[in-house]
Every structure is written in structure tokens, then in C-alpha cells.
Amino acid sequence: MLDLVSLRRDFHMHPEVGFTEFRTASKVVEILASLGFDVIYGADAMDGDSRRGLPSADVLEAAYERALRDGANPQIVEKMRGGYTAVIGVKKGKQEGPAVAFRFDMDALPVLESTDADHLPQAKAFRSRYEGNMHACAHDGHTTIGLGLAEKLADGNFSGTVKLIFQPAEEGVRGAYSIVQKGMLDDVDYIFCHHLGTNVPLGEVHGASFGFLATTKMVAHFHGVPSHAGASPEKGKNALLGAATALLNIHAIPRFSTGSTRVNVGVLEGGTAANIIPQHAKMIVETRSVSEEVNAELEQRVRNIIAHSAAMHELEHEIEVIGGAIPINSDLDMAELAIEEAKQVEGFTAFKVSDSNAMGSEDASFMIKRVQERGGKGTYMAIGTDIPAPHHHPKFDIQEEILPRSVELLHRIAKRLLT
């Protein structure tokens, strides 16, 4: 029987950021295979051309080598080389029936974990071994819950098919899209996604979360001509000046009457020295809206500003989408089903069918929408756990007692739909 706490702590000690989850994914494949699941992974589980915000080849290779040093199965991770870290576990029941999917994200964050004595991972010696990376958003718990659910369903004593989707690169909303584009959701009738924490206290379950924003993450590169800033400034074409022009105008985009919007230039960098006209500049920008349509219009305005700012300063430019998500429209009957089952799990004492305070973005949205487009249903749940610090904070942690409760809840949902 899996020791959920030990498994979660092992994942916590080895946090891997998006598309570098080689060790984590390798362990997931091994456990799923040992439980008799058919396992789809590597390029078989994701469309390579649809991956967004992929790290550089050097970063991917360094993470690959580190995973091998830290116990990843060489034969398994060879299929994941280059950032193909999605894993899908499939179990067919003893009779025909619907297909039910559950999604679990695996990636960590580029956060330096606290060394304070009151931080439980530090006190219990399972703090991150990868300095500068940390599981600061409960994905170590999500992965553990997915494997605990796999163990519960390993006997195949149900009617239909279970799909357990272990997703890379949720942070930056990058990884789900390529799994969807590969067709991994096309045969799914029901999908359940969840998150631990999210300001929901221990013992409380929300069957659906609303308020997720549509978003587009883009990186823009501006290319100019370098020149001596004192001797011949007129010979240069200032890429950083073009990027700065774009920044100011992006933040001057008016608000929309048709839906709330957000826009932010989070990174602006360029140039090499005070006496050289900058040849290159890079900008990372995001748009968000409650509406997919408004976000698309906002994105187009940002693209126009970048293009015209580059033209104004006689620069070349290109724009790459490095992440994205859409709003989640959960099916309330699925949320109600989840709450009915949560009421049967010891330790859950407070319930809401739906909550509309999400206001972040979540790329499970693409999975849920694909299922719904094909006639299926889905929901995004929140499972409470008290947290000592906010998500993405150096002292973030979860209450480990939530792990078996969450497994039991998802198991009950699966059996309810697969009887």
C-alpha cells in the first residue's frame, strides 16, 4: 500500500519546474505500471508543436541529467527527453461504460524555499533539495493524490474506463494545451480537476470554482542595430527604446465595457552597456479577462502596439505565445455530485456547490472545454487545507491529512460514475 505522506515528501524534496518533471514523471510511470495501468507518456501523450513556453535545450538537458542522478528510470525518461513529461494512466473496467478522467499537475515553481525552523519541510527534513525550486502550490500533493487514486482503482472492479492525467507545466498555463491537442481528452465523458488550498480551509470542499480568467502570455523580441552611443548614436536602432514605447502604450490600453481586463508587462530587459545602442530587447506580457472574446481583443491590441512601436523605431520584432488559458464553465450537476460524495467522507464538514472567487487562470480549462465540446461534462473543485503562507510563498505548505481524504473523495466520484 502506498505511503501517501512519504510519497508527497519525496516529490517535495525533488521539485521540478514545467517541462522538466523528468524524475517526478518517471516515478509516476513506474507506480502506474506496477498497479496494472496502461501508461501513455512522452511524445505519445502530448503534441510537441503545441507546447508553450518550453525551456531552452540546455535547461532541459541539465534537468534530464539531474533526474537520472536522483533515481529516475533511464529507460522511461529517455522517452521524455526534450520536455515530453506528460503521463496518462488508463485502466479499463470489467464491463463497458463511460470514460472518466482526473487531472493532476506535477510541476513546481522557481521559488527559494524557507529554511525557518517553523517551516514543516525544514523541521521534518523534506525541504527542497533543488535550491531555487520549490513545491509552493501543492502540486506535490496533487500528484500524490493521483497515485493514491490509481491504487484504489487498480482492481478494475468497475464499468468503463478511468484516465488519470498527470500534467506538466501548469504554472504559466503551458502544459495542458499540448495534451488536448494530442487528442488525450477526445474519448472522455466526464472530467474532474481540483486544487488543494486556494484559501479554502481544512474540512471544506467546493464542487465547482468559477471566476478563472482567460489569459495569454507572450514574449516579444525587438531587434535593432548597435552603435556607439557617443560617437554615432544616429547609426543605431534602439531596441530597448522600442520595447519601452510598447510598455507604456500597453499599460495605457483603456478598460473594456464588455468585461473586466488585466494587462501587465512583467519583464523588460535589453542592452549590454551604457555606451552601446541596445541591439536586442525582450518583453514578457500577459493579458487577462473574464471573457475569452475580450481577452482575444486585448491580445490583438497588445500585438498591434508591439508591432507599431517596433516600426516607429525601425526595428524587427517577433511575438511568441508562451502560455494561455480560458474561463472554466463547470457543470453544476457534476459539482453537486462531488459534494454528495464529499459528504460521505470523514473529515469533510463544510460544503459549497460552487464558488466564484478564483480570479486566477488555470489551463485545465482547455481539458474541461474539450470534454464539454464533445458532449461530456466536467468541473474544477477546491479541496480545503489550511496553509501557513500564501500559494507561491517560500513558506507554503499543506496539511498532509488532506491526502487520504482527497483520494477517498475522488475514488467515490469515480465509482459513482462507473457503476
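The values are calculated or read from the model by the stated rules, or taken from the named source; none is laboratory data. Since the model is a prediction, treat every value here as computed from it, not as a measurement. Because the Cβ atoms are built from the backbone with ideal geometry, glycine has one as well, and the counts that use them run over all protein chains shown. Accessible surface areas use protein heavy atoms only, side chains included; no ligands, DNA or RNA. Shrake-Rupley method; radii C 1.70, N 1.55, O 1.52, S 1.80 Å.
I'd like the distance separating the alpha-carbon centroids of region 175-220 and region 283-326, in whole Å.
Here the two parts' Cα centres lie 24 Å apart.
So what's the net charge close to residue 221: Lys and Arg +1, Asp and Glu -1, counting the other residues with Cβ under 10 Å from its Cβ?
Once positives and negatives cancel, what remains is -2.
Under a no-solvent Debye model with one identical scatterer per Cα of the chain, what's log10 I(q)/I(0) at q = 0.09, 0.10, 0.14 Å⁻¹?
Here the Debye-derived log intensity ratios amount to -0.58, -0.70, -1.27.
Between residue 415 and residue 58, what FRET efficiency comes out of the Förster formula 1/(1 + (r/R0)^6) with R0 = 35 Å and r the beta carbon distance, rounded to 0.05?
0.15
Accessible area per residue for the chain in Å², computed with a 1.4 Å probe and the full protein assembly in place, what is it?
Numbers: 16860 Å² over 419 residues.
Ligands and nucleic acids excluded, the result is 40 Å² per residue.
Please report, in Å, the Rg and the Dmax of region 348-419, where both are computed over Cα atoms only.
Just the Cα atoms of region 348-419 yield Rg and Dmax of 14.9, 43 Å.
Classify region 147-216 as rounded, prolate or oblate from the Cα gyration tensor: take a ≥ b ≥ c as the square roots of its eigenvalues, call it rounded if a/c is under 1.5, otherwise prolate when a/b beats b/c and oblate if not.
oblate
Please report, to two decimal places, log10 I(q)/I(0) for region 44-112 at q = 0.26 Å⁻¹ as given by the Debye formula with identical point scatterers on the Cα atoms and no solvent.
Each listed q maps to, in turn, -1.39.
Could you check which residue among 58, 189, 107 shows the biggest mean-square fluctuation in a GNM of the chain with a 10 Å Cα cutoff?
Comparing 58, 189, 107 in the GNM, the peak value goes to 58.
Can you pull out the trypsin sites (Lys or Arg not before Pro) in region 242-293 that DSSP calls coil and that have at most 13 other Cβ atoms within 10 Å?
255
Based on the Cβ-Cβ distance from residue 33 to residue 320, what FRET efficiency comes out when R0 is 45 Å, to the nearest 0.05? Before the final figure, lay out the partial values.
Numbers: r = 36 Å, r/R0 = 0.80.
Given R0 = 45 Å and the Cβ-Cβ separation, E is 0.80.
How much length, in nm to one decimal, is gained on full extension between residue 1 and residue 124, taken as 0.36 nm per residue of separation minus their Cα-Cα distance?
Answer, rounded to one decimal: 42.0 nm.
Under the classification rounded if a/c is under 1.5, otherwise prolate if a/b is larger than b/c and oblate if not, where does region 201-290 fall, given a ≥ b ≥ c as square roots of the Cα gyration tensor eigenvalues?
Since a/c reaches 1.5 and a/b is larger than b/c, the shape of region 201-290 is classed as prolate.
Cα extents of region 235-279 along the three principal axes, largest first, in whole Å?
46, 19, 11
For q values of 0.14, 0.17, 0.21 Å⁻¹, compute log₁₀ I(q)/I(0) with the Debye formula on a Cα-only model of region 126-284, without solvent.
-1.00, -1.18, -1.38
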